[in-house]
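In what follows, a structure is listed as structure tokens, so that the remarks can point back to it.
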Amino acid sequence: MSGTLNKVMLIGHLGDEVKMHYFEGGGCVGRFPLATNETYVSKQTNERVTNTDWHNIVVRNKGAEICEKYLSKGDKVYIEGRLKTRKWQDEKGNDRYSTEIQCSDFTFLSTKKESESNANNAATQQKPAAASPQPASKPIEDADDDLPF
């Protein structure tokens, strides 16, 4: 195989709000940290251990505006993109490097607000079973549909 591939797929939680930077030409960039977790049981202590990795996500233009509008700290999101390492100099003139994920696609998996409202709805909807029997549902009749199965 002669080609190369630079592809990253992450599912994690936002560690902070999306920070936006707007340019004179109308473009914009959104940046936010994303936390991914790895959990395992330690063989020595037999305890559950969780390691968190932090990733710097960069989203551009319309995608950045959508992320800023709908994402907030703690939200779960799927990110797809590519690794990009930038080189820059600090105040003392030392070379510094920063590795980012240049996001090309994303999917909102859940929001903190949704999770909280789902938990509240589940708590209020748990009621004891009704004492009266439910009427039996009608059996499904064989219909002549054109389904192959």
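The values are calculated or read from the model by the stated rules, or taken from the named source; none is laboratory data. None of the values given here were measured: they were computed from a predicted structure. All Cβ positions, even for glycine, are placed from backbone atoms using ideal geometry, and neighbour counts span all protein chains on display.
Residue check: is residue 12 touching a residue at least 12 places away in the same chain (Cβ under 8 Å), surrounded by 14 or more Cβ atoms within 10 Å (Cβ to Cβ), of a type in the set (Gly, Ala, Ser) and at positive phi?
Numbers: touching a residue at least 12 places away in the same chain (Cβ under 8 Å): yes; surrounded by 14 or more Cβ atoms within 10 Å (Cβ to Cβ): yes; of a type in the set (Gly, Ala, Ser): yes; at positive phi: no.
For residue 12, the condition - touching a residue at least 12 places away in the same chain (Cβ under 8 Å), surrounded by 14 or more Cβ atoms within 10 Å (Cβ to Cβ), of a type in the set (Gly, Ala, Ser) and at positive phi - is not met.
Residues are listed down the side, and each one gets a yes or a no for (1) at pLDDT below 95; (2) loosely packed, with under 10 Cβ neighbours inside 10 Å; (3) out of contact with any strand residue (DSSP E or B) (no Cβ under 7 Å at 6 or more places or on another chain); (4) among the polar types (S, T, N, Q):
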site	(1), (2), (3), (4)
91	yes, yes, yes, no
102	no, no, no, yes
115	yes, no, yes, yes
136	yes, yes, yes, no
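Does residue 85 satisfy the condition of being modelled with pLDDT of 65 or more and touching a Phe, Trp or Tyr at 6+ places or on another chain (Cβ under 7 Å)?
yes
Just checking, which of 2, 98 is small (Gly, Ala, Ser) and in contact (Cβ under 8 Å) with a residue 12 or more places away in the chain?
Answer to the selection: 98.
Given the options 43, 19, 69, 62, name the one that is among the charged types (D, E, K, R), closer than 17 Å to residue 104 by Cα and either exposed (fewer than 11 other Cβ atoms within 10 Å of the Cβ) or at pLDDT 95 or above (or both). Lay out the reasoning, then the answer.
On the way: 43 fails: closer than 17 Å to residue 104 by Cα; 19 fails: closer than 17 Å to residue 104 by Cα; 69 fails: closer than 17 Å to residue 104 by Cα.
Every option except 62 fails the conditions.
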